[in-house]
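Here the structure comes first, spelled out in structure tokens, and everything after it is commentary.
The values are calculated or read from the model by the stated rules, or taken from the named source; none is laboratory data. In this text, all values refer to a predicted model and were calculated from it rather than measured experimentally. In this analysis, Cβ positions are derived from the backbone assuming ideal geometry, glycine residues included, and neighbour counts consider all displayed protein chains.
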Amino acid sequence: MEHEFQTPLGIIRCGFYNDSIENSTKKTTYKNGYSESFMTVGHKIEIVSFKIRQPLYNGETVVDTNAWIFRIEKNNDIKEDIETYCLFEKNSDNIEFDIAAGEHLDSIQAENKDWTLHIGTEDGEMLNSRAANNDWLPKRLENKVETYQSITDTRQNGFITKIPSLNNGEKIHIQYLTAYDKKDNNQVNTWLAVDESIRNLENWIGLT
């Protein structure tokens, strides 16, 4: 299952890999987004698609955004490997990449002379904090998903997250946010756009 987001710099592809055939079971419309749910051999996977709220919290705007939340629940004892991903495929060789991490944020940047693009996700420290609070990440995973053992692998062009082995009934939330805008060396608006907490996103989309 894969979603695509066309940008002036190239295509962002976001989806998941698993080792069984998934079947779409339900579509849901939210206040500011929509989702499609899939049943695999061992999990229920809901992919929530939405646009990031604008203006941003600093009052700035960007040309466009697209974002996805994966809400994964283990529903039996069958072992299954799942990876979620958000990867950028550039459309020319004139694009430069950089790492643009921040507090609680892992982010990559792609840009050319005209455009800037960011892809962001929660870093290991934020994931560990959620595990400590049993907040869409099992408490038993505390200190097993932190900064130096993050389940998310940062690539030059995006992120791949290996979903940890869950027990029956356990849930996990993974988010990928993307934004692009005209290049302006004095602005960080695309970076700010992908720096959002799980609570802010849930409230904006209408998941709570």
Select, from I21, I52, the only residue that is out of contact with any Phe, Trp or Tyr (no Cβ under 7 Å at 6 or more places or on another chain) and closer than 18 Å to C86 by Cα. I52
Could you grab the pairs with beta carbons closer than 6 Å, sequence gap of 6+ or different chains, first residue in segment 50-77 and assigned to a loop (DSSP other than H, G, I, E, B), second one acidic (D, E)? V62/D181; V63/D181
Within segment 11-45, tally of residues that are surrounded by fewer than 18 Cβ atoms within 10 Å (Cβ to Cβ) and either part of a strand (DSSP E or B) or among the aliphatic types (A, V, I, L, M) (or both): 18
Please work out if F50 is over 16 Å from G206 (Cβ atoms) and either buried (at least 21 other Cβ atoms within 10 Å of the Cβ) or aromatic (F, W, Y) (or both). no
Residue list for segment 45-70, filter: among the charged types (D, E, K, R) and closer than 20 Å to F5 by Cα: E46, K51, R53, D64
Quickly run through segment 154-181 and pick out the residues that are small (G, A, S) and more than 16 Å from the chain's Cα centre (by Cα). S165, G169
Qualifying residue in segment 64-83 (condition: touching an Asp or Glu at 6+ places or on another chain (Cβ under 7 Å) and modelled with pLDDT under 95): yes
Scan (1) under 15 Å from G169 (Cβ atoms); (2) touching a helix residue (DSSP H, G or I) at 6+ places or on another chain (Cβ under 8 Å) for the single condition N75 breaks and write down its number. (2)
Filter segment 101-125 down to the residues that are in contact with an Asp or Glu (Cβ under 9 Å, 6 or more places away or on another chain), touching a residue at least 60 places away in the same chain (Cβ under 8 Å) and either outside any strand (DSSP E or B) or acidic (D, E) (or both) and list them by number. H104, E111, N112, E122
Consider segment 174-208. How many of its residues are of a type in the set (S, T, N, Q) and touching a strand residue (DSSP E or B) at 6+ places or on another chain (Cβ under 7 Å)? 4
